[in-house]
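Working notes, beginning with the structure itself.
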Amino acid sequence: MDDEQELVKRLRNGDSNAFETVIKLHHAFLVAMAIPLVGPDSADDVAQETWLRAFAAIGKFEGRSKLRTWLARIAINEAHAMRRKRGREVSLDNWGVDSGSPISSRFNEQGAWDTPPSQWHHETPEELLTEAELHECIRKHLHKLPSDQQSVVMMRELGGLDYNEIAQALDLAEGNIRVLLHRGRQRMHAMLNNFEEMGTC
């Protein structure tokens, strides 16, 4: 029996240590899932509600997906429910629609770089400070992504979910997930390029 199956078994048996373990493993991930949908101020509330619902329903978890995927789906449903209660529900009809590449001009017709990005080196305190500024810039721009791209990038890059798991959690086709991830990464890369060339976020 693998570790996750054992953990789920302990959760079903009401093991308080198992509850603590699973919260430590997945809480930050659930908050990250909720931020694009409800904002940073309400994301923790969504995560808390997710835990309540998940623990109440753990007996129904059949293990056909990973526990994290199941939790992500609950978190997304909770985020949508919160938005509806607040009257701020937005249409997700355009999720997965290809909005075009923000850096397509940087590639030639064969898909290779016309102007490749420069390499980073961190050899002085000034360069380390620049790296800290870059991390803040990445965080800022991640939250500026369209909410569908932001969710997919976070699920993939922060949560480590595979394409099929993300597709299940967001109820989108796997091909749409790949497009969203590609576009999200391109937007982030465009920001990185600007930071490298201009030194500003």
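Odds and ends about this structure:
- Output for segment 166-176, where each listed residue is crowded, with 22+ Cβ neighbours inside 10 Å and touching a Lys or Arg at 6+ places or on another chain (Cβ under 8 Å): 166, 169
- Tally of residues being among the acidic types (Asp, Glu), assigned to a helix (DSSP H, G or I) and over 28 Å from residue 42 (Cα atoms) across segment 1-30: 3
- Identity of the residue in segment 135-174, modelled with pLDDT of 80 or more and β-branched (Val, Ile, Thr), that ends up nearest to residue 66 (Cα to Cα): 166
- Qualifying residue in segment 11-32 (condition: within 21 Å of the chain's Cα centre (by Cα) and among the small types (Gly, Ala, Ser)): yes
Residues are listed down the side, and each one gets a yes or a no for (1) within 27 Å of residue 139 (Cβ to Cβ); (2) surrounded by fewer than 16 Cβ atoms within 10 Å (Cβ to Cβ); (3) polar (S, T, N, Q):
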residue: 27; (1), (2), (3): yes, no, no
residue: 33; (1), (2), (3): yes, no, no
residue: 36; (1), (2), (3): yes, no, no
residue: 46; (1), (2), (3): yes, no, no
residue: 60; (1), (2), (3): no, yes, no
residue: 68; (1), (2), (3): yes, no, no
residue: 86; (1), (2), (3): yes, yes, no
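The values are calculated or read from the model by the stated rules, or taken from the named source; none is laboratory data. Keep in mind that this is a model prediction, so the values were computed, not measured. Quick reminder, even Gly has a Cβ in these numbers, built from the backbone with ideal geometry, and neighbours come from all protein chains shown.
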